[in-house]
Amino acid sequence: MSVQSSDSSPELLQLIEQELDSGRYATPGEVLLDAMKLLHERHAYDAEIQKGMDQFARGEFVEYDREGLKAMFEDLRAQILARTGASHE
């Protein structure tokens, strides 16, 4: 399938063509929709990372030593097992 647009760069058109040729997508619109969804997710992740960096800069964090981390992850594991009904091995 040939992709053409006077508003798109040759690089973008080539990337869309590659995705269409891979068989993962049937139309250029599907490629662009998936790309936009991923871009939206990336922006959300970037915002969360920035939020964490801002909190760190303000001193809003907890320091853990090796044993503290181990205890925290064991507690988290127990919570997950309790929610899922899985047994602790």
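No lab work stands behind these numbers, since they all come straight from the coordinates. Quantities reported herein were computed from a predicted structural model and do not represent experimental measurements. Positions of Cβ are generated from backbone atoms using ideal geometry, with glycine treated the same way; all protein chains shown enter the neighbour counts.
Tabulated data for the structure shown
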quantity: Label assignment, Cα extents along the principal axes in Å derived from the structure, set (i) 53, 31, 20; (ii) 59, 40, 19; (iii) 43, 34, 17; calculated: (ii)
quantity: Helical mean residue ellipticity (222 nm; -39500 (n - 2.57) per DSSP H run of 4+; nearest 500) of the chain; calculated: -24000 deg cm²/dmol
quantity: Length gained when the stretch Q79-Q55 is fully extended (0.36 nm per residue, less Cα-Cα span); calculated: 6.1 nm
quantity: At R0 = 25 Å, FRET efficiency that the Cβ-Cβ distance of A44 and A71 yields, to 0.05; calculated: 0.25
quantity: Computed magnitude of the charge dipole of the stretch 10-84 (debye, nearest 20; Cβ of K, R +1, Cβ of D, E -1); calculated: 320
